[in-house]
Amino acid sequence: MIRLPGLIDPHVHVREPGQTHKEDWDSATQAALAGGFTTILAMPNTKPPIFDNSTFELALNAAKEKAHCDYGQYLGAGPHNADLVSSLAPKAAGLKMYLDSTFGELRLDDMTLWMPHFEKYPNDFPIVLHSESRTMAAGILFAALYDRPVHIAHVSLKEEILLIKAAKEEGIKVTCEVCPHHMFLTQPQPPPVLRTPSPKSKGFGGGLGGGHSEVRPRLATQKDVDALWENLDVIDCFATDHAPHTLEEKDSENPPPGFPGLETALPLWLTAVDDRRLTVDDIISKMYLNPKKIFNLPDQPETWIEVDENAEYEIKAANQFTRCGWTPFEGWKVKGRVTRVVLRGREAFKDGKVLAEKGFGRDVRE
Ligand code: DOR
Ligand code: ZN
């Protein structure tokens, strides 16, 4: 058994308000505990998006009533809300700026719409960018021009990680995260190909074809995946970008992008540790120390997770707490299971059961 700190996931789509058939604060935070996370930060691309006082209250009230683990809520940057969101900054996980198109309504196409947010959002609260490829280069230029930190979500390409590396070397205040799906999967080829997390892992069922492989940023090539693994030292955080959509939606004509990830992330990273591609210290830095610092999160006294690092098993959607009913890692053989979570002195999860009740979770900004 190994003990780790309560993990932090800075990138979760909880789906409440508005799309609770996919997930809500109850199911998302149970999935978080089952995955070893004691804090999650919730993205604002809900329905309605979280972009003003009343929508922020909607999300915070639902979280307060239902969360089983600790949480923060992001605000979304819109075309006309820079003053408003900067006044709410102390209560928010951070400001999320969607600079490329993805699921939901929040998007800032025009760079003049980025400027007021960079001018006004307080420097000591995080700005997180959804920015891909050349848009990322523009976002990093903004960090340099305004001399303020930015955190880049879900890096997936070789050109992106090399750009971030170069920016860090110049002293630009940029941090970044990667997600398991961009480190363990490549874009499906015809016929669809799954990459195993390790040469040892065999026997996964099915493929990741059609709508199931839709995610933003898209799954990339082996060259990109290799570049991420080669630049682990440039990567500050391992996030999940837990983005649940139901199986029915993923199988539809117009499949929404996104994968669930809360319950599969740690087992995948631990399997990589078993394969000597990663160390337990990497996990502690990228899933606890670095996100705690970047997002300025409070201590959780008497909080830890227990992991059976020798438990070998197959990932199965049927065993998950997420409401979406599937996982892109179905049938993958992994090594490492979360057996117990203690959160603020309270046994919150044990042997597959969530024990912390609804409402036990606290807002990290309160
Ligand atoms: O694949 C994605 N799904 N990428 C995003 O940026 C949004 C997310 C979602 O909310 O479903
Ligand atoms: Zn996301």
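Restricting attention to the stretch 265-292, which residues are among the charged types (D, E, K, R) and under 20 Å from Asp241 (Cβ atoms)? Asp282, Lys286, Lys292, listed by residue number.
When the stretch 10-24 is limited to residues that are touching a residue at least 60 places away in the same chain (Cβ under 8 Å) and surrounded by 24 or more Cβ atoms within 10 Å (Cβ to Cβ), the one that is nearest to ligand 1 (Cβ to nearest atom) turns out to be His13. Give the stretch 293-311 a look and list any residue that's in a helix (DSSP H, G or I) and surrounded by fewer than 19 Cβ atoms within 10 Å (Cβ to Cβ), or say none. Of everything in the stretch 293-311, just one residue is in a helix (DSSP H, G or I) and surrounded by fewer than 19 Cβ atoms within 10 Å (Cβ to Cβ), namely Lys293. Just one of the numbered conditions (1) buried (at least 24 other Cβ atoms within 10 Å of the Cβ); (2) in a helix (DSSP H, G or I); (3) out of contact with any Gly (no Cβ under 8 Å at 6 or more places or on another chain) is not true of Leu58: (1). For the stretch 339-365, the set of residues classified as touching a strand residue (DSSP E or B) at 6+ places or on another chain (Cβ under 6 Å), assigned to a strand (DSSP E or B) and surrounded by 19 or more Cβ atoms within 10 Å (Cβ to Cβ) consists of Val341, Val342, Leu343, Ala348, Phe349, listed by residue number.
Residues are listed down the side, and each one gets a yes or a no for (1) away from ligand 1 (no atom under 16 Å from the Cβ); (2) closer than 29 Å to Glu214 by Cα; (3) part of a strand (DSSP E or B):
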residue	(1), (2), (3)
Met97	no, yes, yes
Glu105	no, yes, no
Thr112	yes, no, no
Glu119	yes, no, no
Phe125	yes, no, no
Glu132	no, yes, no
His151	no, yes, yes
Ile172	yes, no, no
Thr175	yes, yes, yes
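Inside the stretch 84-108, can you point out the residues that are β-branched (Val, Ile, Thr) and either modelled with pLDDT of 95 or more or within 19 Å of Ile40 (Cα to Cα) (or both)?
Val85
Candidates Lys91, Lys47, Lys64, Lys96: the one that is among the charged types (D, E, K, R), surrounded by fewer than 21 Cβ atoms within 10 Å (Cβ to Cβ) and within 24 Å of Val150 (Cα to Cα) is Lys91.
Does the stretch 153-170 hold any residues that are crowded, with 18+ Cβ neighbours inside 10 Å, in a helix (DSSP H, G or I) and in contact (Cβ under 8 Å) with a residue 40 or more places away in the chain, and which are they? Matches in the stretch 153-170: Lys158, Ile161, Ile164. Tell me yes or no: at least one residue of the stretch 288-305 is within 16 Å of ligand 1 (Cβ to nearest atom), touching an Asp or Glu at 6+ places or on another chain (Cβ under 7 Å) and either small (Gly, Ala, Ser) or in contact (Cβ under 8 Å) with a residue 60 or more places away in the chain (or both). No, the stretch 288-305 has no match at all. Under the condition of being within 16 Å of ligand 1 (Cβ to nearest atom) and under 20 Å from Phe295 (Cα atoms), the residues counted in the stretch 41-93 number 14. Pairs please, first residue from the stretch 231-249 and more than 13 Å from Asp9 (Cα to Cα) and more than 14 Å from ligand 2 (Cβ to nearest atom), second anywhere and in a helix (DSSP H, G or I) and of a type in the set (Asp, Glu), Cβ atoms under 7 Å, 6+ apart in sequence or on different chains. Close Cβ pairs satisfying both conditions: Leu232/Asp282. For the stretch 25-34, taking the residues that are more than 16 Å from ligand 2 (Cβ to nearest atom) and more than 16 Å from Tyr74 (Cβ to Cβ), the one that is surrounded by the most Cβ atoms within 10 Å (Cβ to Cβ) is identified as Leu33.
Only residues that are within 14 Å of ligand 1 (Cβ to nearest atom), under 21 Å from the mean Cα position of the chain (by Cα) and not in a helix (DSSP H, G or I) were counted in the stretch 246-267, giving 9.
Here's the yes/no breakdown for (1) more than 15 Å from ligand 2 (Cβ to nearest atom); (2) of a type in the set (A, V, I, L, M, F, W, C); (3) closer than 29 Å to Arg3 by Cα:
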{"position": "Gly36", "(1), (2), (3)": "yes, no, yes"}
{"position": "Thr39", "(1), (2), (3)": "yes, no, yes"}
{"position": "Pro44", "(1), (2), (3)": "no, no, no"}
{"position": "Phe51", "(1), (2), (3)": "yes, yes, no"}
{"position": "Glu57", "(1), (2), (3)": "yes, no, no"}
{"position": "Tyr74", "(1), (2), (3)": "no, no, no"}
{"position": "Leu84", "(1), (2), (3)": "yes, yes, no"}
{"position": "Ala92", "(1), (2), (3)": "yes, yes, no"}
{"position": "Tyr98", "(1), (2), (3)": "no, no, no"}
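Could you grab me the full set of residues in the stretch 278-307 that are under 13 Å from Gly36 (Cα atoms) and in contact with a Gly (Cβ under 7 Å, 6 or more places away or on another chain)? Result: Thr303, Trp304, Ile305, Val307.
The values are calculated or read from the model by the stated rules, or taken from the named source; none is laboratory data. Quick caveat: nothing in here was measured; it's all calculated off a predicted structure. FYI the Cβ positions are ideal-geometry reconstructions off the backbone, even for glycines, and counts take in every protein chain you see.
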